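Okay, so here's the structure we're looking at.
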Amino acid sequence: MSIVTTVFRSEQTIEEFAKRALAAAEDVATEVELIVVDDGSPDRSAERVRDLADLDSRVVLVQLSKNFGHHRALLTGLEHAKGDMVFLLDSDLEEAPENLAPMLAEMRAARADCVYGVQNVRKGNWFERTSGELFYKLFGILSDVELPRNVSTIRVMSKRYVNSLLLFRDQNPVLVPLTLITGYRQVPYHFEKRSLAPTTYSIRKRIGLLVLYVTSFSGRPLYMMFAFSIVLASVGIIFGAYVILKALTGPVQSGWSSLMATIIFFFSLNALFTGIIGLYLKRILEEVKDRPRTIVQEVYRKSVAEREVEHG
């Protein structure tokens, strides 16, 4: 069993997390490893993990050269996982490691390759709940991928599923949609997620995440632009025919305000459409550069042999 997590400003929770996660895995697996990815954390999270690795050879620190982002760090952790089964979750203890056993039982009962966590009730204050609900609605309208409501990071996956997931080499990966389009049999697991700290996702970050989700997994906005353009062209042709008919049958009332309003309206639409196309071009540019998603500065582990020599 490989347990994969990340740390970023996690020095207060990582020790308890490691203790509980390893204990949960020991109950269901004969061999266990804990992969902890340091995503450029500015606090002492990496040092805490090193201390844990010195005491327990099952703990492995994968230290990135800087902060690359949560989803990139999670995928880097999956790349280092060697277990037949992989347990992925956050280290803030809002997702209890003790969910491993029932999730694994659900996975075996359903003969699935992935069990993903779904919150029974979305955690947080009214802003988190309202903005989260709006996010799912907008993503459902604009995207081709059906995103489960209140889906969480926590999940148990088979090795073949993880290998297939890692075939996606997106430069700006978004974990949940990628896990969904990987395929295989996937089933939800409903659980209670604790709320231990206020969310770090501001309105700006949520809007940015929505844009990334949509532009990475859907071309629907482009189709909507095309359909809207057809409607506008049809309206323009009909209106033009009406003006010509009026000019042939009688005087036409002139109006500078209406003319300017029409020009501004169409120029605004043009700017909006150009902006949407620009977002897609930006994504294409980032993908064709083929830069590494993350850079691993160091992999720190303490071998069993070294521990035996030290304590010999």
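Applying a DSSP loop filter and a limit of 11 other Cβ atoms within 10 Å to the trypsin sites (Lys or Arg not before Pro) in segment 62-125 leaves Lys66, Lys82, Arg111. A simple charge model with +1 on the Cβ of Lys and Arg, -1 on the Cβ of Asp and Glu and nothing else charged puts the dipole of segment 1-129 at about 400 debye relative to its Cα centre. When the C-alpha to C-alpha distance is required to be over 26 Å, the pairs from Lys66/Lys159; Lys19/Lys193; Lys66/Lys193; Lys19/Lys159 that qualify are Lys66/Lys159; Lys66/Lys193.
Values quoted throughout were computed directly from the atomic coordinates according to the rules given, and no laboratory measurement underlies them. What you see is a predicted model; the values in this text were computed from it and never measured. Cβ sites come from the backbone with ideal geometry, for glycine too, and all protein chains shown count toward neighbours.
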